[in-house]
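Novice: This structure is in structure tokens; I'll ask about it shortly.
The values are calculated or read from the model by the stated rules, or taken from the named source; none is laboratory data. Computed from a predicted model, the values in this text were never measured in an experiment. Ligands, DNA and RNA are stripped out before the accessible areas are found, and what is left, the full protein with its side chains, is counted by its heavy atoms. Shrake-Rupley method; radii C 1.70, N 1.55, O 1.52, S 1.80 Å.
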Amino acid sequence: MKKILLLLLIIMSIASISYAQNSKIAGLLTDALGAELIGATILLMDEDSTMVDFTQSDSEGKYSFEKVAQGNYLIKYTYVGYFPHLI
């Protein structure tokens, strides 16, 4: 009986992991002239402006958020010398 319960628990765990819906959000930050914004701060926020995660752009202006649960988000980025921008 214990082996059957253990097997059932393992199957349920695998099923719940395989049905998890995670996405990736990625982008490239450039200014109006096309120059990459290196080291910009990017905030991932819920619709009510609660911060979910943050990152910085790399040496090519690229950024990404891994394993993001599906939903609606706001992205805010800031860079020294520029006004904050919300998309």
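Novice: Probe 1.4 Å, all protein chains in place: accessible area of Ser57 in Å², nearest 10?
Specialist: Number for this one is 10 Å².
Novice: Using only the alpha carbons of region 34-87, determine the length spanned along each of the three principal axes and report them from longest to shortest in whole angstroms.
Specialist: 31, 23, 16
Novice: Hey, what's region 19-84 come to in accessible area per residue, 1.4 Å probe, Å²?
Specialist: Per residue, region 19-84 has an accessible area of 70 Å².
Novice: Kindly report, to the nearest 10 Å², the accessible surface of Asp58 as traced by a 1.4 Å probe over protein heavy atoms only.
Specialist: Counting only protein heavy atoms, Asp58 exposes about 70 Å² to solvent.
Novice: Order the following by accessible area, largest value first: Lys24, Lys62, Lys67, Lys76. Probe radius 1.4 Å; ligands, DNA and RNA are ignored. Display every interim value, and only then the final one.
Specialist: Values: Lys24 125, Lys62 105, Lys67 165, Lys76 70 Å².
From most exposed to least exposed: Lys67, Lys24, Lys62, Lys76.
Novice: With all protein chains present and a 1.4 Å probe, how do Val68, Val80 order by accessible area, largest first?
Specialist: Correct descending sequence by accessible area is Val80, Val68.
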